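Undergrad: Below is a structure I'd like to ask you about.
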Amino acid sequence: MLEITGVSHVYANGTRALDNVNLSIPRGMYGLLGPNGAGKSTLMRTIATLQTPTDGAIKFGDLDILAQPEELRKRLGYLPQDFGVYPRVTAMDMLDHMAVLKGIADKGERKAVVETLLNQTNLWNHRSHFIAGFSGGMRQRFGIAQALIGNPELIIVDEPTAGLDPEERNRFLNLLAGISDNVVIILSTHIVDDVADLCPRMAVLAGGKVQLEGAPLDLIQQTKGRIWKKTIGRDELEAHQEQYQVISTRLFAGRTIIHILSDNQPAGFDPVEAGLEDVYFTTLA
Ligand code: ADP
Ligand code: MG
């Protein structure tokens with residue numbers, strides 16, 4: 001269990017990126033959903049002990065991670081949002097090198113770990129290729145491979161599916177879903193479907209604050225019967241936005257489909273089977 005208590009972060013330029021964040025994150029896949037600038041990466045870096053928060057406490061089990069960051073790092077696997085430069089080094093050599101850094105000194109043991117990870121992430125056939133030449137999806141799978149070195153108990157992946165095509169995204173999410181339920185995995189994303197597909201628990205972060213927390217199915221239940229839709233012309237949008245609480249608009253075949261939040265069914269609107277996207281946009285609205 002990861003316990004985040006009263007965590008705030010103010011950058012040197014005065015930006016308050018996190019504002020009194022409180023979260024209890026159990027084992028299993030946990031979705032941290034939020035738009036750009038919400039503070040997701042700031043929170044991920046803070047949990048990964050790469051930066052110290054201005055305020056607050058973070059505990060992983062009994063471990064105070066702010067007091068003992070090096071202990072946390074031994075038990076952490078982290079895939080940052082910007083993985084940085086991709087060297088002209090083969091996937092196998094790079095993983096081996098990173099396993100050394102993680103403290104796996106025995107050569108035979110390291111070989112076994114690296115081979116298992118290359119297979120698990122479907123990179124075995126590319127093991128002798130330079131990472132610099134990898135596609136986006138392969139890079140992200142390599143990112144997970146390096147994050148899994150040394151059997152971490154806490155895994156953080158920050159916006160791993162951004163920029164992947166649908167097939168690569170699927171492959172990547174399946175890989176995440178295959179990681180043991182015994183570890184805490186935090187998936188930060190701005191893509192609602194990532195969370196809907198994978199996470200039994202989630203939080204919505206926006207403006208540095210936790211706006212919503214719970215199980216996606218419960219949250220959807222709470223929105224049930226309050227979401228309505230209507231297909232309108234583009235020129236009608238403004239009038240509808242003035243009259244109703246529009247939570248989302250989507251183009252479909254040249255027309256605009258709007259979803260609104262309302263306790264009663266307004267004339268001309270049809271009921272919608274609410275999804276996580278409706279929950280998310282209602283929270284942001
Ligand atoms: P997200 O990952 O959800 O997009 P970030 O944590 O990257 O959000 O950013 C949250 C806020 O903090 C944004 O307003 C961003 O501009 C600001 N921010 C992020 N990093 C820095 C930094 N190093 N210095 C100053 N402001 C920053
Ligand atoms: Mg980010």
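Undergrad: Could you go through segment 106-113 and let me know if any residue there is buried (at least 19 other Cβ atoms within 10 Å of the Cβ) and under 25 Å from residue 37 (Cβ atoms).
TA: No.
Undergrad: Let me ask something additional. Give just the number: which of (1) over 23 Å from residue 29 (Cβ atoms); (2) out of contact with any strand residue (DSSP E or B) (no Cβ under 6 Å at 6 or more places or on another chain); (3) open to solvent by 20 Å² or more (accessible area, probe 1.4 Å) does residue 233 not satisfy?
TA: (3)
Undergrad: Name every residue in segment 236-260 that is open to solvent by less than 100 Å² (accessible area, probe 1.4 Å), under 27 Å from the mean Cα position of the chain (by Cα) and over 26 Å from residue 198 (Cβ atoms), in order of residue number.
TA: Scanning segment 236-260 gives 246, 249, 258, 260.
Undergrad: Something else: When both residues are 6+ apart or on different chains and their Cβ atoms are under 6 Å apart, which pairs have a first residue that lies in segment 135-146 and is under 18 Å from residue 186 (Cβ atoms) and of a type outside the set (D, E, K, R), and a second that is open to solvent by 20 Å² or more (accessible area, probe 1.4 Å) and not in a helix (DSSP H, G or I)?
TA: Pairs found: 143/83.
Undergrad: So which strands (runs of 3 or more DSSP E) stay within segment 177-220 end to end and still have 1 or more residues that are over 21 Å from residue 6 (Cα atoms) and within 16 Å of ligand 1 (Cβ to nearest atom)?
TA: 184-189
Undergrad: Pairs only if they're at least six apart or on different chains, beta carbon under 6 angstrom, first in segment 236-259 and farther than 18 Å from residue 274 by Cα and among the aliphatic types (A, V, I, L, M), second open to solvent by 60 Å² or more (accessible area, probe 1.4 Å) and outside any helix (DSSP H, G or I); list them, first residue then second.
TA: Matching pairs, first to second residue: none at all.
Undergrad: Pick out the one residue from 55, 64 that is more than 16 Å from ligand 2 (Cβ to nearest atom), surrounded by 13 or more Cβ atoms within 10 Å (Cβ to Cβ), free of Cβ contacts under 8 Å to residues at least 24 places away in the same chain and of a type outside the set (A, V, I, L, M).
TA: Within the list 55, 64, the selection yields 64.
The values are calculated or read from the model by the stated rules, or taken from the named source; none is laboratory data. Model, not experiment: these values are computed from the prediction. Note: ideal-geometry Cβ built from the backbone for every residue, glycine included; neighbour counts use all protein chains shown. When the accessible area is computed, the model is the full protein with side chains, heavy atoms only, and any ligands, DNA or RNA have been set aside. Shrake-Rupley method; radii C 1.70, N 1.55, O 1.52, S 1.80 Å.
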